[in-house]
Amino acid sequence: MASFPETIHFTGLNTPVRLEWSAHDLDVVGEIPREIDGAFFRAVPDPAYPPKFEDEIVLSGDGMVSKFAIRDGKVNFAIRYVETARYKAEKAAGRALFGKYRNPFTDDAVVQGIEGTVSNTTPVWHAGRLFMTKEDGLAYEIDPETLATIGRWDYHGALKSKTFTAHPRVDAETGEMFFFGYEAGGLCTADVAYCIADKDGNLVSEQWFQQPYCSTIHDFTITEKYAVFPIFPTTTDLDRVKAGGPHWAHQQDLESWVGIMPRYGKVEEMRWFKGPKGVSAFHFVNAYDDGDKVHLDICLSDTNAFAFMREAGGVHRAQNELGGGLTRWTFDLASEDEGFESRLIGPPGDMPRLRDADQGRAYRAAWYLTINPQGGPPLPGGPVGAAFNAMLRVEPGNGRLDMMPLEFGMAISEPVHVPSSQGDHEGWLLAVVDRQVEPNRFTSELWIVDAGNIAAGPVARVTVPVPLRAQVHGAWVSSERLAEAQAHAQAA
Ligand code: V55
Ligand code: FE
């Protein structure tokens, strides 16, 4: 196309920005607590070129990596494109060469054999390296100081999987990163690679297994003892893809599955539990084991949250008519039963955030985004086309719920959590908040919120001089870790 289509994917908060820029000492309203010392990295899809096809979606936007660097109450900002093989090929041609979402049969012939991943989903920090990830390809390593792209990351040639998830899980105690890749053996294969990188970033385990059908495995989780894989019935089909059709179609009548195996065990030990038909969850809050029980807390929806995946499967439901809620699934590994218990533990929502130290363990509180029931219609924007406008803090143990509602015409992106050094203080949440100032004009701010008292609203707001396109996920990295990584890189 000669210009960006006037669809939800390219207007409102999804209007392409396409600027690589930086600024120092942004204006701060209020006081940033001095213990917030590090970098908030964000993954932002932002298409560099108008798409080949009118029905292009947000998820195909070229990844940009952005950084709020915070120290002594001051904030610097930078954002750059991830220079993927796809970005470089399109920049050289001056136009889009890749076609529909995850369909290489719709790409221009000149890019056959070039990986089409756009690295637009999650910044991942592990063992002193920063990566930008997307589930359909390998990660790209990024220089955390300059945001320059270093290159594709395959563990020095050791990783066999062709893909790397946007949701690895790091055990804060052992420093290990547990991750997977699906369609690991190539397009539309049911191969899943389950991998472990040790605390120094060496790939120490890669085992492949077959999922029950080829589904989009967006997230997974670990407990202290187990690895937990969810299989929801959004499936692909090679013949459909070859015919130029959609990669994913949601199947409302197909059952879901959850695979649980010892996290240091063999994939042959995977035990499959059968779940409800037609449900979907993109993000897991956490999981933990308790004797023979495994508790899994997920942002569950009664159908797929993405309209384009629903419609390809003939499911026609408006975005504001999806059911579901924060749900705890409890599995009994001592029982032979293939079923499990399910109970609601919070309102519907997504983009959960946990304290890093709570990963895989019983936890007191988590935070996630929702639609403010009093807030009026959400702003158009973000991956599913309707932006969240409230943040929740939930205590699954006792049902306590706190909310930070936003006013009409505002939107919030996924927060990161910064731990506090003061005793039982819950730390801080950092999130970008957008405000509509004219029908098609928005301003962006970075909000700093007390994690234990979100209802009080922000303790500080940082003005961003240029509007930011809606983010997907983010990551917090302390200055201490950044400095260690830099010292290590200079010694090497
Ligand atoms: C998601 C996001 C993606 C993607 C597939 O949040 C799933 C879910 C930003 O890209 O490609
Ligand atoms: Fe995600």
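Among the residues in the range 37-54, are any within 16 Å of ligand 1 (Cβ to nearest atom), of a type in the set (D, E, K, R) and in contact with a His (Cβ under 7 Å, 6 or more places away or on another chain)? Within the range 37-54, none of the residues are within 16 Å of ligand 1 (Cβ to nearest atom), of a type in the set (D, E, K, R) and in contact with a His (Cβ under 7 Å, 6 or more places away or on another chain). Of the residues screened, ARG441 is not one that is without any contact (Cβ under 8 Å) to a residue 60 or more places away in the chain, more than 19 Å from PRO347 (Cβ to Cβ) and in contact with a strand residue (DSSP E or B) (Cβ under 9 Å, 6 or more places away or on another chain). Restricting HIS473, HIS425 to residues that are within 16 Å of ligand 2 (Cβ to nearest atom) and either farther than 15 Å from PRO380 by Cα or buried (at least 21 other Cβ atoms within 10 Å of the Cβ) (or both) narrows the list to HIS473.
Does the range 126-169 hold any residues that are open to solvent by less than 10 Å² (accessible area, probe 1.4 Å), part of a strand (DSSP E or B) and within 16 Å of ligand 2 (Cβ to nearest atom), and which are they? Across the range 126-169, the qualifying residues are PHE131, MET132, THR133, ALA139.
If you go through the range 438-451 and pick out every residue that is at pLDDT below 95 and either part of a strand (DSSP E or B) or open to solvent by less than 70 Å² (accessible area, probe 1.4 Å) (or both), you end up with 2.
When the range 439-492 is filtered for residues that are among the acidic types (Asp, Glu) and farther than 18 Å from SER22 by Cα, the ones remaining, listed by number, are ASP450, GLU480, GLU484. Go through the residues of the range 343-365 one by one and say whether even a single one is surrounded by fewer than 17 Cβ atoms within 10 Å (Cβ to Cβ), more than 16 Å from ligand 2 (Cβ to nearest atom) and of a type in the set (Ser, Thr, Tyr). No, that holds for no residue. Checking the stated criteria, ALA483 turns out not to satisfy the condition of being within 16 Å of ligand 2 (Cβ to nearest atom), under 23 Å from GLY73 (Cα atoms) and outside any loop (DSSP other than H, G, I, E, B). Among the numbered conditions (1) within 16 Å of ligand 2 (Cβ to nearest atom); (2) open to solvent by 10 Å² or more (accessible area, probe 1.4 Å), the only one that ASP289 does not meet is (1). Is at least one residue of the range 116-125 farther than 17 Å from ALA48 by Cα, open to solvent by less than 40 Å² (accessible area, probe 1.4 Å) and in a loop (DSSP other than H, G, I, E, B)? Taking every residue of the range 116-125 in turn, none turns out to be farther than 17 Å from ALA48 by Cα, open to solvent by less than 40 Å² (accessible area, probe 1.4 Å) and in a loop (DSSP other than H, G, I, E, B). In the range 170-192, the condition of being surrounded by 24 or more Cβ atoms within 10 Å (Cβ to Cβ), of a type in the set (S, T, N, Q) and either closer than 21 Å to SER280 by Cα or at pLDDT 95 or above (or both) is met by no residue. Every condition in (1) over 22 Å from PRO415 (Cβ atoms); (2) not in a strand (DSSP E or B) holds for PRO378 except the one numbered (1).
The values are calculated or read from the model by the stated rules, or taken from the named source; none is laboratory data. Keep in mind the model is a prediction, meaning the values are calculated, not measured. Quick reminder, even Gly has a Cβ in these numbers, built from the backbone with ideal geometry, and neighbours come from all protein chains shown. Remember, those area values only see protein heavy atoms, side chains included, never the ligands or the DNA or RNA. Shrake-Rupley method; radii C 1.70, N 1.55, O 1.52, S 1.80 Å.
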